[in-house]
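The structure appears below as structure tokens.
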Amino acid sequence: MYHEKNIPAEQQAQEEKTRVPASDADSQRSQNSQSATEKRTQDDLGLSGRGLPKTRRLRKRADFQRIYRNGIRVVGRFVVLFVETGPLAQRRLGITASRKIGPAVTRNRCKRRIRELFRLNSRLLFGGDFDMVVNARRGCADVAWQEILHDYTRCLSRLHRILEEKDRGEPTATKR
């Protein structure tokens, strides 16, 4: 027991170091780090908070593969649409966003924006049942909402033309 020391139970009080902003702190900087021009609302980003019900989403890999194989492809600047009509279609949406687009935050923002496009523009979609897979492309998350909306509606109008040609029996060049 000779190797042990006798240490008193009372500890010395340590000075608490509280941080108080000095008078020379940056007074020009606002409390919020984003400037007024950088602030964007949910509507500006195309995220209203109303989601797409899970019953209207494609989930199984087999469904995605079927649509890629049998569907009609329409390429836009920020999205690529694959649409299949027919007996297996149930008016559902599937979204893919690869790692090429960016980190998970960026990919998820793309997916939310595409779900919102689909939900808001369902009246522009053709009648009947269909399944649609939308592949997000680079820039989808960073572009202004109006630009991605314009690109999506342009793709839908091209899709309408292709489906009309298909109904008339004309050959289409965009079929895979």
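The values are calculated or read from the model by the stated rules, or taken from the named source; none is laboratory data. Remember, predicted model here, so these are calculated numbers, not experimental data. Every residue, glycine among them, receives a Cβ derived from its backbone with ideal geometry; neighbour counts consider all protein chains shown.
Let me confirm something: among ILE148, ILE114, which residue is within 16 Å of ILE95 (Cα to Cα), part of a helix (DSSP H, G or I), touching a Lys or Arg at 6+ places or on another chain (Cβ under 8 Å) and of a type in the set (A, V, I, L, M, F, W, C)?
On inspection, the qualifying residue turns out to be ILE148.
Okay, residues lined up against (1) without any contact (Cβ under 8 Å) to a residue 60 or more places away in the chain; (2) closer than 25 Å to SER157 by Cβ; (3) over 20 Å from the mean Cα position of the chain (by Cα):
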residue: ILE72; (1), (2), (3): no, yes, yes
residue: GLU84; (1), (2), (3): yes, yes, yes
residue: THR96; (1), (2), (3): yes, yes, no
residue: ARG99; (1), (2), (3): yes, no, no
residue: ARG107; (1), (2), (3): yes, no, no
residue: CYS110; (1), (2), (3): yes, yes, no
residue: SER122; (1), (2), (3): yes, yes, no
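Identify, by number, the condition in (1) within 20 Å of GLU164 (Cα to Cα); (2) in contact (Cβ under 8 Å) with a residue 40 or more places away in the chain; (3) in contact with a Ser or Thr (Cβ under 7 Å, 6 or more places away or on another chain) that ALA141 doesn't meet.
(1)
Within segment 59-76, take every residue that is over 18 Å from LYS111 (Cα atoms) and small (Gly, Ala, Ser) and give me the one that is surrounded by the fewest Cβ atoms within 10 Å (Cβ to Cβ).
Once the filter is applied, the top-ranked residue is ALA62.
Which of the residues that make up segment 59-98 are out of contact with any strand residue (DSSP E or B) (no Cβ under 8 Å at 6 or more places or on another chain) and of a type in the set (Lys, Arg)?
Scanning segment 59-98 gives LYS60, ARG61, ARG69, ARG77.
Just give me the residues in segment 46-95 being at pLDDT below 80 and within 22 Å of ASP151 (Cβ to Cβ), in sequence order.
GLY46, LEU47, SER48, ARG50, GLY51, LEU52, listed by residue number.
Which numbered condition trips up ARG92, out of (1) more than 13 Å from the chain's Cα centre (by Cα); (2) without any contact (Cβ under 8 Å) to a residue 24 or more places away in the chain; (3) closer than 19 Å to ARG57 by Cβ?
(2)
Of the conditions (1) modelled with pLDDT of 90 or more; (2) out of contact with any strand residue (DSSP E or B) (no Cβ under 9 Å at 6 or more places or on another chain), ARG107 clears all except one; give me its number.
So ARG107 meets the others, but not (2).
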